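The block underneath contains the structure these notes are about, expressed in structure tokens.
The numbers here are math on the coordinates, done by the rules we state, and not lab data. All figures in this text were calculated on a predicted structure; none of them were measured in a lab. So basically every Cβ, Gly included, is an ideal-geometry build from the backbone, and we count neighbours across all protein chains shown.
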Amino acid sequence: MREIESACLTGAKASLDYAGFVPAPQLHMLIDAWDQPYVGYVETREYYEGADAVSAIGALALLPAAVCATRVMLVWEEADVRASLWGPGDHPNGLVAVAATLTSHTVCWNPFVLHLDRTTRNGLPAVRAEWGRRAVLPGAPLPPVMQHVLSSWRDLTTDLEQEVDFETVLRALMNDGYRVHLVDPTRPRQ
């Protein structure tokens with residue numbers, strides 16, 4: 001899971017440095033019974049502040065349930081998600097990576113401070129992130145929407161009476177604008 005967090009952190013740094021954007025909330029899936037356990041990831045569709053953000057983020061639970069993922073990593077930028085849920089404010093910046101199993105989770109907090117630096121060729125200020133020290137917090141509280149994602153994934157995955165069809169879920173998410181990246185799309189379930 002540390003490799004996934006590291007790749008997400010590298011991507012976030014590049015995105016911030018290049019265009020001043022933070023990554024969309026995303027969920028990475030693993031199936032421990034596979035030789036190569038990494039299945040892929042799903043990123044949220046674009047969303048509006050408030051209830052639409054809750055709905056868009058909440059749907060991240062569907063694909064890992066459909067593939068019967070045994071572990072997931074939920075990743076988001078804290079200030080962006082808080083502003084999406086509760087409006088503008090003095091929210092802390094940080095890339096959050098939650099490594100979760102079917103029974104527990106660990107929060108990895110990667111804080112940063114944004115600085116406006118030089119002016120780019122198009123006249124806009126460039127953004128530079130100053131990264132702080134990573135903190136690892138086993139079992140730390142999560143924002144309600146993120147706790148809901150993990151709870152929904154766990155419930156759907158362990159509910160033997162409810163069959164979640166991978167193809168139907170995949171098609172619905174992609175039609176709604178979610179970005180899905182699978183290592184091997186021909187092998188969706190264990």
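Out of (i) 111; (ii) 132; (iii) 144, which label holds the value of volume of the Cα convex hull per residue in Å³ that was computed here?
(ii)
Based on the mean of other beta carbon atoms within 10 Å per residue, what is the order of 128-140, 47-59, 82-94, 64-76, most packed first?
On the way: 128-140: 12.5, 47-59: 15.9, 82-94: 14.3, 64-76: 24.2.
Taking the mean over residues of other Cβ atoms within 10 Å, the ranking is 64-76, 47-59, 82-94, 128-140.
Going 7 Å from the Cα of Asp155 in the Cα-to-Cβ direction, what parts of segment 37-76 have a backbone nitrogen less than 14 Å from that spot?
The answer is 58-62, 65.
What distance in nm separates the simple spin-label points at Arg179 and Leu116, each placed 7 Å from Cα in the Cβ direction?
Spacing of the two 7 Å Cα→Cβ label points: 2.6 nm.
Give me the dipole magnitude in Debye, nearest 20, for the chain about the Cα centre, with unit charges on the beta carbon: positive for Lys and Arg, negative for Asp and Glu. Intermediate results must be reported in sequence, preceding the final value.
On the way: 15 positive and 23 negative charges, 123 e Å.
Here the size comes out at about 580 debye.
Name the residue farthest towards the positive end of the dipole of segment 2-182 from the options Pro138, Val180, Leu116, assuming +1 on Cβ of Lys and Arg, -1 on Cβ of Asp and Glu, about the Cα centre.
Toward the positive end, the furthest listed residue is Leu116.
Whole-Hz Karplus ³J(HN,Hα) for segment 79-90, in order, using 6.51 cos²θ - 1.76 cosθ + 1.60 and θ = phi - 60°, x for Gly and Pro?
5, 5, 5, 4, 5, 5, 8, 10, x, x, x, 8
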